[in-house]
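Below: the structure, in structure tokens.
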Amino acid sequence: MKEFKFKINGKDYDAQVSEQDNGVLAVTLNGSTYAVEVPELAHNVTRPVVHHAAPAAAAPAAKPATGATPAAGAVTAPLPGTIKQILVSEGQQVKKGDTIITMEAMKMENAITAEADGTVLKIRTSVGASVNQGDALIDFQAAGAPAAAPEAPHSAPVGATAPVAAAPKATEAPSGAVGGASKNVEAPLPGTIKQVLVAVGQEVAAGETVVIMEAMKMENNITAEFAGKVTAVKVAVGDQVQSGQALVEIG
């Protein structure tokens with residue numbers, strides 16, 4: 001269930017939204033619950049076909065900057081929508097509960113708030129951008145957390161240590177590294193693996209779907225952010241995964 005705060009004609013509303021079966025949402029507004037039918041949710045589940053012979057032609061358009069893999073401490077989109085306002089700037093100090101972004105989703109304006117006191121490190125989206133659930137919107141450093149190292153330039157060696165890697169992932173690096181040249185496709189949010197569409201040794205293109213996972217009763221296509229050869233598949237159908245967990249390793 002997701003919670004939102006928004007205004008309609010100047011009046012404040014508190015809303016809780018949870019998805020039911022057959023494209024029906026249970027929407028609770030200020031204590032009153034309504035069943036809202038969203039046909040797109042019932043009929044818009046896509047099942048991609050992997051094209052091994054010509055992956056580049058079958059790959060979808062490159063994702064915008066907002067689709068970047070979330071960094072440790074990133075504020076992410078709770079559901080698909082359009083960015084309406086960005087209320088902070090890089091380097092700004094914010095308090096827990098401050099609204100930092102507003103986005104339109106399901107014809108409602110939703111306030112995205114800071115979950116802790118801290119500092120805005122980087123803004124990864126822009127007004128008018130369409131974002132998907134789990135897309136990184138803002139890199140955020142909570143007060144008292146160790147300072148994050150600056151992002152490595154794009155020309156840096158692939159094997160350079162990722163400055164924003166979360167501590168738990170350090171235990172996964174030895175098994176996933178191949179001479180420091182491999183990268184992981186990670187889960188953008190918790191869920192269950194429904195399909196694994198690649199195998200070890202397979203060549204994939206940037207943007208190609210490698211795994212399908214179910215989260216919040218919706219199927220999500222997990223795509224490769226870079227081209228290369230699959231060196232390891234780290235999950236199986238039915239596995240429960242957490243946000244940031246490595247799914248597929250590409251060298």
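Within the range 214-225, identify whether any single residue is of a type in the set (A, V, I, L, M), closer than 21 Å to ASP135 by Cβ and in a loop (DSSP other than H, G, I, E, B), and answer yes or no.
First, the residues of the range 214-225 that are of a type in the set (A, V, I, L, M): 215-216, 218, 222, 224.
Restricting the remaining residues to those that are closer than 21 Å to ASP135 by Cβ gives 215-216, 218, 222, 224.
Those left that are additionally in a loop (DSSP other than H, G, I, E, B): 216, 224.
Yes: one or more hits.
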Inset, instruction - Any residue in the range 187-205 that's under 16 Å from ALA232 (Cα atoms): show its pairings with residues that are among the polar types (S, T, N, Q) at Cβ separation under 7 Å, as long as the two are six or more apart or on different chains. - result: ALA187/GLN242; ALA187/SER243; ALA187/GLN245; LEU197/THR209; VAL200/THR231
Legend entry - Subset of the range 87-109 (residues that are crowded, with 17+ Cβ neighbours inside 10 Å and within 18 Å of the chain's Cα centre (by Cα)): ILE100, ILE101, THR102, MET103, ALA105
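For the range 234-250, give me each residue that is open to solvent by 10 Å² or more (accessible area, probe 1.4 Å) and either out of contact with any strand residue (DSSP E or B) (no Cβ under 7 Å at 6 or more places or on another chain) or within 7 Å of GLU186 (Cα to Cα) (or both). Let's see the steps before the verdict.
First, pick out the residues of the range 234-250 that are open to solvent by 10 Å² or more (accessible area, probe 1.4 Å): 234-240, 242-245.
Residues satisfying the conditions are GLN242, SER243, GLY244, GLN245.
The values are calculated or read from the model by the stated rules, or taken from the named source; none is laboratory data. Remember, it's a predicted structure, so these values are computed and weren't measured experimentally. Every residue, glycine as well, gets a Cβ built from its backbone with ideal geometry; the counts of neighbours run over all protein chains shown. Keep in mind that these areas ignore ligands, DNA and RNA; they rest on the heavy atoms of the full protein, side chains included. Shrake-Rupley method; radii C 1.70, N 1.55, O 1.52, S 1.80 Å.
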